[in-house]
Structure formats: structure tokens, C-alpha cells
Amino acid sequence: MFLTACGSSPQDEGSEGAGNAEDTETKKTLRIVTDAAYAPMEYQDKGEVVGFDIDFIKAVAKEAGYEVNVEHVGWDPIFVEIESKRADLAVSSITINDDRKQSYDFSHPYFQSTNKILVPEGSDIKSAEDLKGKKVAVQNGTTGQAAMDALLGKNSPDIKKFEDNNLAIMEMESGGAAAVVADNMVVEEYAKNNPDKNLTVIEDSAFDSEFYGVLFPKGSELVGEFNDAINAVLENGTYTEIYKKWFGNEPNIDVLKE
Ligand code: ARG
């Protein structure tokens with residue numbers, strides 16, 4: 001069956017094939033890494049890694065013809081796993097920025113986001129400016145940390161850095177920090193799901209608009225295939241379906257088109 005009429009080269013190198021319908025070659029199972037402590041984007045539920053990003057990447061991988069294995073490794077390890085090519089790609093609400101682009105490749109943007117401030121209700125913090133002189137908890141190595149470095153000064157002792165975002169939230173709840181700065185979807189979901197904790201989310205135009213991308217080792221051959229597959233799920237309604245499942249409203253897909 002695989003000896004079709006087009007055999008001009010004796011050894012079909014295959015993966016880039018001419019896209020013919022006879023492409024029955026089984027693609028390898030991809031190892032995907034994430035930091036599953038960022039609900040609702042990626043988190044663990046009964047030992048399983050779930051979330052918007054997970055549904056998204058599974059749909060994209062399926063579109064591209066790959067099986068996947070999604071593994072929670074933690075935030076800092078993501079970058080080690082990708083740089084060493086032990087993992088094929090990472091999806092973890094990872095913001096596309098110039099700094100990371102020097103060492104990694106990104107897919108097209110698939111999600112818009114911005115940092116927001118989480119505080120206990122009644123806090124005198126009403127804006128980013130009010131964070132000055134306060135202790136702020138962030139996840140280490142995130143754009144939330146970068147925003148606080150810029151606002152409070154790099155190495156400021158007022159910036160408390162944690163290995164995962166849930167630990168940053170716990171620090172605020174136990175009184176060790178006055179606020180948490182993290183991605184909007186995550187702080188909004190946390191405040192909404194914990195009404196008993198009386199938390200408020202503050203938006204400030206001082207925080208940039210950011211876009212998430214899928215992270216690949218530099219030079220990965222998967223980038224092109226995944227970009228095509230992302231375009232397909234954006235166009236064919238699959239993205240919208242997943243978005244509505246997790247957030248209950250329609251996504252603005254136009255903002256993802258550069
Ligand atoms: N978007 C932010 C960044 O890229 C935070 C992402 C944190 N993701 C996570 N799964 N903890 O820096």
C-alpha cells in the first residue's frame with residue numbers, strides 16, 4: 001500500500017511528505033511538559049493534567065496527526081526540558097517575549113492575557129502604583145515577576161518569589177504578602193472559586209498585553225506543522241468550542257491574528 005506511484009526517491013524520508021492521502025506513517029508520540037499549578041489553564045484533577053491549554057494542545061496535536069503525553073514537571077523545569085530537547089514542546093500559559101525567543105521557538109499566539117493584581121477585599125491597594133512599599137508574591141521567572149522587577153526594582157526584598165503560583169497565593173493568604181501578581185485568567189478564576197476568601201482582582205493599564213505561545217526547542221521541525229494546526233483549530237471552530245467550555249464566553253480570535 002505504501003508503494004504508491006510517486007516513488008521518485010528510493011528512500012522516502014517521509015515526515016515532510018507531499019501531503020498525500022496515503023500518509024499512513026505513524027507519527028511519534030510527543031512528550032509535552034507543563035506546570036499544572038495554574039488553574040484553569042493547566043492543573044491537576046484526580047491525578048490527571050487538565051485545563052484550557054491541555055484541551056487546546058490535544059486538539060492541535062490531533063490536527064497535526066500526533067499522539068501526546070502531557071506531563072506536569074513544574075515551571076522552571078519546563079525550560080530545562082525544552083532546552084535539552086528531552087521534551088518536544090511545552091504548553092503552560094507561556095508568554096511570548098523577546099527574551100525567551102533568544103533561546104526557544106514559539107508557535108503563533110493562541111491566547112491573549114495580561115497580569116492582574118489579587119488582593120484581599122478592602123485592601124488599600126487599588127492600582128499597580130500602590131504596590132510600592134508592599135510585599136508582593138509572584139511565581140519566580142514569570143512575566144508577573146518581571147513586571148514587579150520593573151515596578152519595585154530588581155532584587156527588591158519586597159518581591160517574594162515562589163516556585164509555583166499556588167504557593168504565591170498561599171503566601172498572601174497567610175499574611176506574608178499584600179498581593180499576588182499573575183495572569184488575569186488565573187487570579188480571576190481563583191477569586192471566583194473561593195468566594196469565602198473575599199478576594200478582589202485589580203486591573204491596571206501599566207501591565208502589558210501578552211500573548212501565549214507553544215514553546216519548542218530552538219529549530220524544532222514541529223513549529224511549522226503546529227502553526228498550521230493552530231490555524232486550523234482557530235478556523236474550524238474547535239478553538240471556540242474549547243474556549244467556551246472553559247470560560248463560558250466567545251473568544252476574540254481576531255486579536256490572535258497578527
Ligand atoms: N504568562 C506568564 C509567563 O509566561 C506566567 C505563566 C505561568 N504558567 C504556569 N503554568 N505557571 O511568564
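Every number in this text was worked out from the coordinates using simple rules, so none of it is lab data. Small disclaimer: the values here were computed from a predicted structure and weren't measured. Cβ coordinates were reconstructed from backbone atoms using ideal geometry, including for glycine residues, and neighbour counts include every protein chain displayed.
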What order do you get for Val180, Val223 when you list them from fewest to most C-beta neighbours inside 10 Å? Val223, Val180
Candidate aspartates and glutamates - alpha carbon under 18 Å from Lys46, same-chain residues fewer than 8 apart omitted: Asp35, Asp55, Glu71
For the pairs Lys27/Lys245; Lys27/Lys85; Lys126/Lys197; Lys58/Lys257, note any where the Cα-Cα span goes beyond 23 Å. Lys27/Lys245
Using a simple charge model, +1 on the beta-carbon of Lys and Arg, -1 on the beta-carbon of Asp and Glu, nothing else, what dipole does the chain show about its Cα centre, in debye to the nearest 20? 640 debye
As a test of the formula, what do you get for the chain when each DSSP H run with n ≥ 4 contributes -39,500 (n - 2.57) and the sum is divided by the residue count, at 222 nm and rounded to the nearest 500 deg cm²/dmol? -9000 deg cm²/dmol
Amide proton proximity set for Leu89, modelled H, under 5 Å, gap of 5+: Arg31, Val33
For Asn236 and Lys154, what does the FRET efficiency come to when R0 = 35 Å and r is the distance between their Cβ atoms, rounded to the nearest 0.05? 0.20
Taking the Cα centre of each part, how many Å lie between segment 177-255 and segment 60-134? 9 Å
Using a Förster radius of 41 Å, what is the FRET efficiency between Asp124 and Asp76 based on their Cβ-Cβ separation? Nearest 0.05, please. 0.80
Within the chain, longest stretch free of exposed trypsin sites (Lys or Arg not before Pro) [DSSP loop, at most 11 other beta carbons within 10 Å]: 47-153
Pop the C-beta distance of Lys85 and Asn249 into the FRET formula with R0 = 25 Å and round what comes out to the nearest 0.05. 0.10
Sequence order, segment 67-81: Karplus ³J(HN,Hα) from phi using 6.51 cos²θ - 1.76 cosθ + 1.60, θ = phi - 60°, Hz rounded, Gly and Pro as x, gives 8, 9, 10, 9, 10, 7, 10, x, 5, 4, x, 3, 5, 5, 4
Convert each backbone phi in segment 159-170 into a coupling constant with the Karplus relation 6.51 cos²θ - 1.76 cosθ + 1.60 (shift: θ = phi - 60°), then list the ³J(HN,Hα) values in order as whole Hz, x for Gly and Pro. 8, 9, 9, 10, 5, 9, 5, 5, 5, 5, 5, 4
Under 21 Å from Lys161, Cα to Cα: lysines that are on another chain or at least 8 residues apart: Lys116, Lys132, Lys134, Lys135
If one compares the long axis through the Cα atoms of helix 222-235 with the longest principal axis of the Cα atoms of the chain, the angle in degrees, nearest 10, works out at 80 degrees
If the chain between Gln112 and Lys28 were fully extended at 0.36 nm per residue, the gain over the current Cα-Cα distance would be 27.2 nm
